[in-house]
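The structure appears below as structure tokens.
The values are calculated or read from the model by the stated rules, or taken from the named source; none is laboratory data. Just so it is clear, the model here is predicted, and its values are computed rather than measured. Backbone-built Cβ (ideal geometry, glycine too); neighbour counts: all protein chains shown. Side chains are part of the model used for accessible areas, which takes the heavy atoms of the whole protein and leaves out ligands, DNA and RNA. Shrake-Rupley method; radii C 1.70, N 1.55, O 1.52, S 1.80 Å.
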Amino acid sequence: MASIALKTFTGLRKSSPENNAITLSKSLPLTQNHRRLRINASKSSPRVNGRNLRVAVVGGGPAGGAAAETLAKGGIETFLIERKMDNCKPCGGAIPLCMVGEFDLPLDIIDRKVTKMKMISPSNVAVDIGQTLKPHEYIGMVRREVLDAYLRDRAAEAGASVLNGLFLKMDMPKVTNAPYVLHYTAYDSKTNGAGEKRTLEVDAVIGADGANSRVAKSINAGDYEYAIAFQERIRISDDKMKYYENLAEMYVGDDVSPDFYGWVFPKCDHVAVGTGTVTHKADIKKFQLATRLRADSKITGGKIIRVEAHPIPEHPRPRRLQDRVALVGDAAGYVTKCSGEGIYFAAKSGRMCAEAIVEGSEMGKRMVDESDLRKYLEKWDKTYWPTYKVLDILQKVFYRSNPAREAFVEMCADEYVQKMTFDSYLYKKVAPGNPIEDLKLAVNTIGSLVRANALRREMDKLSV
């Protein structure tokens with residue numbers, strides 16, 4: 001993994017040389033695919049007189065909440081706009097251990113501490129995963145409505161103004177350093193639930209408004225391929241819930257998804273059962289039924305208490321930044337292939353973007369420009385590109401057919417694979433491997449794929 005050459009995400013725009021431009025002293029290492037970035041010196045930005053820098057964060061999920069809190073603590077006059085304060089996104093709700101510490105999350109918002117996982121193959125061969133976890137290590141399971149509300153409340157405590165409103169559109173500045181004018185429908189005690197059209201003038205905007213981002217549309221950020229995630233929350237009996245006390249299940253196979261996986265994740269008093277697909281969106285309910293059938297007796301008799309569906313991006317947008325507007329989280333396209341993880345990366349990107357604004361504005365005292373926000377993109381790409389690339393490769397290799405999925409599940413039984421996987425997931429770093437074990441893993445992986453291809457040929461013969 002260390003041999004992967006660092007590249008930028010698809011669509012990362014590089015600044016062209018301009019007047020009064022300087023070269024970054026801390027540029028990324030140059031490769032044949034890189035040229036040195038040149039940006040305007042932020043110190044040339046004018047001071048903001050009589051007030052602090054004003055920034056709007058559109059969207060109140062993990063990305064928006066983390067961004068708003070960081071901005072407010074950094075001396076920025078911050079406005080967080082969110083329409084659905086009780087939003088329940090159809091999300092498995094898994095968060096890595098490092099997020100609990102990095103974002104100082106209280107343990108009472110974590111429904112379950114998962115220490116065991118079952119990976120279940122198309123032929124229902126189950127592999128137990130988790131034997132390499134240390135006593136203090138776990139995967140946290142949260143409900144999005146609880147996590148999102150907590151992060152928004154913390155942003156408000158830090159000084160952000162949280163506005164219950166629906167963002168509509170944005171008027172772009174006509175001259176340098178002029179404000180952005182945001183149009184939104186406000187829903188508060190003054191509007192009696194009917195909604196009232198209002199405007200807000202700010203110096204910069206962070207788009208954290210999800211896969212269908214209106215902020216992204218405002219800057220012509222371009223489209224991306226997306227998956228549909230479908231999830232049912234099912235309340236099961238206490239004795240059945242005991243089975244899922246600290247266990248999560250992942251099902252792979254053409255029946256549950258041709259290009260993703262099905263899941264059963266435990267929550268406080270119910271389980272979340274879901275699946276997703278990019279290539280066969282019209283069949284999502286059929287895949288959901290198959291996931292429930294695969295879980296079978298373990299959820300039989302349960303009551304469906306909520307049904308949820310939502311688009312999930314499959315890769316970063318062609319454009320994630322324009323002038324003083326930046327995209328974070330799902331709006332930017334930060335969901336990993338193979339695992340479909342997005343919560344941690346949403347919160348992390350929101351915080352990184354806000355930190356760049358706080359630093360560039362000198363704690364809200366100066367106007368920012370595109371060069372300040374671009375530092376966030378550089379840091380993000382340098383830190384997380386290898387993770388996204390590795391998971392993209394794994395999805396292309398192992399999710400392409402049932403025999404390949406059988407090989408994938410077989411590979412997951414290996415203790416070294418489990419250790420590498422959990423270390424990378426829990427701490428969000430591509431774990432360095434042991435050369436000897438890496439060689440063994442390569443041989444075993446090749447063997448699994450050879451057996452998978454042989455099985456596929458036999459299956460093809462039977463279908464003729």
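Residues in the range 267-283 that are surrounded by fewer than 24 Cβ atoms within 10 Å (Cβ to Cβ) and under 22 Å from ASP392 (Cα atoms): THR277, VAL278, THR279, HIS280, LYS281.
Within the range 176-199, being in a loop (DSSP other than H, G, I, E, B), closer than 30 Å to VAL368 by Cβ and of a type in the set (Gly, Ala, Ser) holds for one residue alone: ALA178.
Among the residues of the range 52-82, what is the count of those that are within 20 Å of the chain's Cα centre (by Cα) and basic (Lys, Arg)? So the count comes out to 0. Residues that are among the aromatic types (Phe, Trp, Tyr), in contact (Cβ under 8 Å) with a residue 60 or more places away in the chain and open to solvent by less than 30 Å² (accessible area, probe 1.4 Å) number at least 1 in the following strands (runs of 3 or more DSSP E) confined to the range 56-171: 77-82, 161-171. Of all positions in the range 386-398, at least one carries a residue that is in a helix (DSSP H, G or I), surrounded by fewer than 22 Cβ atoms within 10 Å (Cβ to Cβ) and touching an Asp or Glu at 6+ places or on another chain (Cβ under 8 Å). Taken over the range 326-337, the criterion of being within 26 Å of CYS412 (Cβ to Cβ) and either open to solvent by 10 Å² or more (accessible area, probe 1.4 Å) or touching a Pro at 6+ places or on another chain (Cβ under 9 Å) (or both) is satisfied by TYR334, VAL335, LYS337. Being among the β-branched types (Val, Ile, Thr), open to solvent by less than 20 Å² (accessible area, probe 1.4 Å), touching a residue at least 40 places away in the same chain (Cβ under 8 Å) and not in a helix (DSSP H, G or I) is not true of VAL264.
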